[in-house]
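Worksheet for the structure shown next.
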Amino acid sequence: MHTPVWIVVVTLVVAVLALVVAGVALVTVRGRARAGAVAHIGERLDDAVGPDPSTRPTRYAFVLNPSKPSAPRLRDQIDTIFAARGLRPASWFETTREDPGQGPAREAVAAGADVVVAVGGDGTVRAVAEALAGTEVAMGILPMGTGNLLARNLDIDVNDVDAALQAVLAPHTRRIDVGRLRLLPTDGGRGETQVFLVIGGMGFDAAMVADTRSSLKAKVGWLAYFMAGARHLHSRRVELRITIDDRPEVRTKLRTLLVGNCGRLPGGITLLPSAVIDDGILDLAAVDTRGGVVGWAQLFGEVVMQGMGIHNDLPKKIGRIDHTTGTHITVRSERPQQVQIDGEVLGEARGMEAWVDPAALTVRAPAPKLVTQR
């Protein structure tokens, strides 16, 4: 006996509402915790992060997004910590609307910085990484944004500024891959090459990011993306031609194509469970669903299950995610599509080209908790 569709729909709506309510509560609690952490930053920094001339860089530079409400107080507190621990005074550089971080980071390197710390959200982190990729200067992260995607994938605490600062001051570094992407514009040619650190995408995900209001993000955090996505559940599937490395071109119709360097997102969601940030490979996910709300419900279940290491290989699913890997990917569309990288919309294009730059960036981050074997 088949369950009536309306029951499935009602169940899904109730589940979504519960997720939204729980998420709002979580965002509120974490926001208060973060405010408290900023207010008391430095109290839990132990002697392990004190100066050690034989192993520790002597010049830190912080690239700060001044639009963050806690930025002025955070700067004063970090300066106080550096003075108390006998570290060389940090240099400070501010981002602007016109320059989200590339220029300030390059200024910091030119001034002799050994570690350049991105203080802000994903846009600031990506901009600083773009300036440091290919150099020997290490990047630190003090996550102050909505998604804080790279920080999550590097196991940097996104809710505790104290813990994040410990990772910045501790001597452990990692070499990670950097993704590079350029648009194939609607008027032909190739766009400017952009760096991405986590995930780039074409289709539904980019349309969702483009439709997310900044004011809503400030109120409910990453759930704003979820709410924007609900407005695109009935959008048309996109027809793409995909070439991976030297394999034959594949023609397909789907909701979105994701190209990732790593795969953890807010809310405990893992879109690319096999992605490793330092394996020299990009992971691809072709996401598709049909059947309206029921298909999206199945797709959500697929995402949850794969994050738990459970894979459903049934051939006739109406919501599915197909995975593969490569080092160079070219995607073309008959109709212009939105493209995003690390939560930033690049605009509409008829295609995109993405490739990996192995071990291009040094980051201050905790040692990996788990090494994933392919």
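A few comments on the model shown:
- Qualifying positions in region 43-80 - at pLDDT 55 or above, more than 22 Å from Asp99 (Cβ to Cβ) and surrounded by fewer than 17 Cβ atoms within 10 Å (Cβ to Cβ): Glu43, Arg44, Thr58, Arg73, Asp76, Asp79, Thr80
- Considering Ala133, Ala129, Ala83, Ala151, the condition of being modelled with pLDDT of 95 or more and farther than 25 Å from Glu192 by Cβ is satisfied by Ala151 alone.
- Any hit, region 344-364, residues being more than 20 Å from Arg180 (Cα to Cα), under 19 Å from the mean Cα position of the chain (by Cα) and either modelled with pLDDT of 90 or more or not aliphatic (A, V, I, L, M) (or both): yes
- Hits in region 322-374 - residues which are within 12 Å of Gly201 (Cβ to Cβ) and among the acidic types (Asp, Glu): Asp342, Glu344
- A count restricted to region 81-132 and to residues that are buried (at least 16 other Cβ atoms within 10 Å of the Cβ), within 25 Å of the chain's Cα centre (by Cα) and of a type in the set (S, T, N, Q) stands at 3.
- Qualifying residues in region 248-289 (those that are in contact with a strand residue (DSSP E or B) (Cβ under 9 Å, 6 or more places away or on another chain) and free of Cβ contacts under 8 Å to residues at least 24 places away in the same chain) - the one nearest to Val198 (Cα to Cα): Ala275
- Of the residues Asp211, Asp157, Asp177, the single one that is modelled with pLDDT of 90 or more and in contact with a helix residue (DSSP H, G or I) (Cβ under 6 Å, 6 or more places away or on another chain) is Asp157.
- When Thr327 is tested against (1) at pLDDT 90 or above; (2) buried (at least 16 other Cβ atoms within 10 Å of the Cβ); (3) within 21 Å of the chain's Cα centre (by Cα), only condition (2) is not met.
- The set of residues from region 162-191 being part of a helix (DSSP H, G or I) and either surrounded by fewer than 19 Cβ atoms within 10 Å (Cβ to Cβ) or in contact with a His (Cβ under 8 Å, 6 or more places away or on another chain) (or both) comprises Asp162, Ala163.
- Subset of region 134-161 [more than 19 Å from the chain's Cα centre (by Cα) and crowded, with 18+ Cβ neighbours inside 10 Å]: Val137
- Exactly one residue out of Asp342, Asp322 is among the acidic types (Asp, Glu), closer than 14 Å to Gly260 by Cβ and without any contact (Cβ under 8 Å) to a residue 60 or more places away in the chain: that is Asp322.
- Filter pass, Ala285 being closer than 30 Å to Ala113 by Cα, of a type in the set (A, V, I, L, M, F, W, C) and modelled with pLDDT of 90 or more: no
The values are calculated or read from the model by the stated rules, or taken from the named source; none is laboratory data. Everything quoted here is computed from the prediction, not taken from an experiment. So basically every Cβ, Gly included, is an ideal-geometry build from the backbone, and we count neighbours across all protein chains shown.
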